[in-house]
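Accompanying notes for the structure given below.
The values are calculated or read from the model by the stated rules, or taken from the named source; none is laboratory data. Being a predicted model, the structure only gives us computed values, none of them experimental. Reconstructed Cβ throughout: ideal geometry from the backbone, glycine too, with neighbour counts over all protein chains shown.
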Amino acid sequence: MFGAVLALLLSAVVPDGSEASVTNAACQGSDIAVDRAFDGGAFAACTIDVNGTITLDIRPETLPINPSPWYAVRLNQSGARERRITLRYADAHHRYAPWFRVAGGPWQRLESYPVEPGRREVPVYLPAFAGEAWLAAQPLVPIDGVASHWAALASQGTVSLDMTATSTDGRPVPLYRHGAADARSIHVIATRQHPPETTGAAAFDAFAERLLAGLRGRNCPDHALLFAPLLNPDGLARGHWRTNAGHIDQNRDWGRFATPEISAVGQRLEALAGQAQIVSVLDFHSTRQAAIYVSRSAGPRAQSFASAVEAATGMRAVRTRAADGDTLKSWSENRFGSESFTVELPDSASPAEAAIAGRVIADLYLAHYLCPASGA
Ligand SMILES: [Zn+2]
């Protein structure tokens, strides 16, 4: 059978950099086609058995790697029926409870076995659907949507394009500025270094929106904000677990500058630091437990901000030891003496929950860093 032969051929594809050679349907049954030819689409191989059950093999883009087993698949089914999908992991355990969306509908979280260590084969039952649908580790946010949102803010004059780096695959990596070009204090807010960490990205998006709204019409001291909303577009497009197109973890590349993305943004920050003080850095990520990381050696304002975030959101304020150098947080602390934080949203947060956390953190950030008097 054609589908089985194709699946066999595809299962021989090494996930290492071979994504571009894969064409549309990765496997096909009598009434369903399965593919990953869209931004974020990822699985290593698929098969469909005689009962119509789909098995997806989920493997990382490189090894060793942080276990963030991302998957995203598009289904196109000719008639309405329920469907079973088995998620099969080779180099990690089940971590992300599946989300499902039928074309034109909202994302919904599906029931699955509890997300816990030890699950390498997890059945997922899709409700009856016909036509196009998606199953993914987290709700998919189109890269184009992020890019066009920021381009629209720039065309409205809310922010301006500070610079654009170019990724390994040739995608733009923009840096946007809010505030005067000659501001003496600069604050950097970043996200999307690690593709599966969509809850952190959702918090960043809401944080930025709330911060920009909160600054409107207010007379706050001299500062500029630099937003990096899309640091790893290639990893997002390829559906990577962790790395960029060159299989490098970008948040271990600050100061090393082996990736074009981090190298260009890092050099821009170095240049700006020659004219102004990089006062604070906030980098949004996701992991199993919500946390805000702050260095033990950071000053009282940083400790107060982290404690306020903990009190308001329940995210644990984690005091870290001396900076290790390669993360955005550590590098900026060492290089610029900035007050730097890594904000980790929980994997399990819904987009709405992540957005609430982002807004709460924005209000606290405004009061601690941008308009201190407003908190009085
Ligand atoms: Zn991360």
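Across the range 238-277, what is the number of residues that are more than 18 Å from T164 (Cα to Cα) and under 14 Å from the mean Cα position of the chain (by Cα)?
Residues flagged as more than 18 Å from T164 (Cα to Cα) and under 14 Å from the mean Cα position of the chain (by Cα) within the range 238-277 amount to 8.
With the condition kept exactly as written, say whether any residue in the range 339-352 is more than 16 Å from the ligand (Cβ to nearest atom), more than 24 Å from N66 (Cβ to Cβ), surrounded by 20 or more Cβ atoms within 10 Å (Cβ to Cβ) and not acidic (D, E).
No.
Assigned by TED's automatic domain parsing to the domain that holds Q267 and out of contact with any helix residue (DSSP H, G or I) (no Cβ under 6 Å at 6 or more places or on another chain), is that true of A128?
In short, no.
For the range 44-66, what are the residues that are touching a residue at least 24 places away in the same chain (Cβ under 8 Å) and of a type in the set (D, E, K, R)?
D57, R59, E61
In the set R321, R359, R316, R301, which member is modelled with pLDDT under 95 and assigned by TED's automatic domain parsing to the domain that holds T198?
On the way: R359 fails: modelled with pLDDT under 95; R316 fails: modelled with pLDDT under 95; R301 fails: modelled with pLDDT under 95.
Only one candidate qualifies: R321.
Within the group G255, G214, G179, which residue is modelled with pLDDT under 95, touching a helix residue (DSSP H, G or I) at 6+ places or on another chain (Cβ under 6 Å) and more than 17 Å from H285 (Cα to Cα)?
On the way: G255 fails: modelled with pLDDT under 95; G179 fails: touching a helix residue (DSSP H, G or I) at 6+ places or on another chain (Cβ under 6 Å).
Only one candidate qualifies: G214.
Being under 27 Å from I143 (Cβ atoms) and touching a Cys at 6+ places or on another chain (Cβ under 8 Å), is that true of even one residue in the range 215-224? Give the steps one after another, and end with the answer.
Step one: filter the range 215-224 for residues under 27 Å from I143 (Cβ atoms), giving 215, 224.
Next cut, touching a Cys at 6+ places or on another chain (Cβ under 8 Å) only: 215.
Yes: one or more hits.
Name every residue in the range 276-301 that is of a type in the set (A, V, I, L, M) and within 14 Å of H187 (Cα to Cα), in order of residue number.
If the condition is that a residue be of a type in the set (A, V, I, L, M) and within 14 Å of H187 (Cα to Cα), then A276, I278, V279, V281, L282 are the ones that fit.
Looking only at the range 322-352, how many residues end up being in contact with a helix residue (DSSP H, G or I) (Cβ under 9 Å, 6 or more places away or on another chain) and free of Cβ contacts under 8 Å to residues at least 60 places away in the same chain? Lay out the reasoning, then the answer.
Taking the range 322-352 first, the residues in contact with a helix residue (DSSP H, G or I) (Cβ under 9 Å, 6 or more places away or on another chain) are 322-329, 331-332, 335-336, 338-352.
Filter once more, so that each one left must be free of Cβ contacts under 8 Å to residues at least 60 places away in the same chain: 322-324, 329, 342, 352.
Total satisfying the criteria: 6.
Which ones in the range 181-196 are in a loop (DSSP other than H, G, I, E, B) and crowded, with 24+ Cβ neighbours inside 10 Å?
Of all residues in the range 181-196, those in a loop (DSSP other than H, G, I, E, B) come to 181-184, 192-196.
Once the filter is applied, which keeps residues that are in a loop (DSSP other than H, G, I, E, B) and crowded, with 24+ Cβ neighbours inside 10 Å, the range 181-196 yields R192, Q193, H194, P195, P196.
Can you tell which of T158, T199 is surrounded by 15 or more Cβ atoms within 10 Å (Cβ to Cβ), within 23 Å of A362 (Cα to Cα) and within 16 Å of the ligand (Cβ to nearest atom)?
Values: T158 fails: within 16 Å of the ligand (Cβ to nearest atom).
Going through T158, T199 in turn, the sole match is T199.
On the given criteria, is S286 assigned by TED's automatic domain parsing to the domain that holds G179 and either in a helix (DSSP H, G or I) or within 16 Å of the ligand (Cβ to nearest atom) (or both)?
On the way: assigned by TED's automatic domain parsing to the domain that holds G179: yes; either in a helix (DSSP H, G or I) or within 16 Å of the ligand (Cβ to nearest atom) (or both): yes.
Spelling it out, S286 is indeed assigned by TED's automatic domain parsing to the domain that holds G179 and either in a helix (DSSP H, G or I) or within 16 Å of the ligand (Cβ to nearest atom) (or both).
Condition first: on the phi > 0 side of the Ramachandran plot and either in a strand (DSSP E or B) or touching a residue at least 24 places away in the same chain (Cβ under 8 Å) (or both). Now tell me which residues in the range 168-180 satisfy that. Before you say what the answer is, go through the steps one by one.
Restricting attention to the range 168-180, the residues satisfying the condition of being on the phi > 0 side of the Ramachandran plot are 170, 179.
Within the range 168-180, G179 is the sole residue that qualifies.
Select from the range 26-79 the residues that are over 26 Å from H285 (Cα atoms), touching a helix residue (DSSP H, G or I) at 6+ places or on another chain (Cβ under 8 Å) and aliphatic (A, V, I, L, M) and list them in ascending order.
Result: A26, A45, I48.
If A208 meets every condition in (1) within 19 Å of Y369 (Cβ to Cβ); (2) part of a helix (DSSP H, G or I); (3) within 16 Å of the ligand (Cβ to nearest atom) apart from one, which number is that one?
(3)
Conditions (1) assigned to a helix (DSSP H, G or I); (2) within 16 Å of the ligand (Cβ to nearest atom), marked per residue:
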{"residue": "A203", "(1), (2)": "yes, yes"}
{"residue": "L226", "(1), (2)": "no, no"}
{"residue": "L231", "(1), (2)": "no, yes"}
{"residue": "G246", "(1), (2)": "no, no"}
{"residue": "R256", "(1), (2)": "no, no"}
{"residue": "S263", "(1), (2)": "yes, no"}
{"residue": "E270", "(1), (2)": "yes, no"}
{"residue": "Y293", "(1), (2)": "no, yes"}
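Give the residue, chosen from A128, A152, that is without any contact (Cβ under 8 Å) to a residue 24 or more places away in the chain, over 17 Å from S348 (Cβ atoms) and away from the ligand (no atom under 16 Å from the Cβ).
Working: A128 fails: without any contact (Cβ under 8 Å) to a residue 24 or more places away in the chain.
When all the criteria are applied, what remains is A152.
Residues R256, R268, R238, R218: which one is within 15 Å of V188 (Cα to Cα) and not aliphatic (A, V, I, L, M)?
Details: R256 fails: within 15 Å of V188 (Cα to Cα); R238 fails: within 15 Å of V188 (Cα to Cα); R218 fails: within 15 Å of V188 (Cα to Cα).
On inspection, the qualifying residue turns out to be R268.
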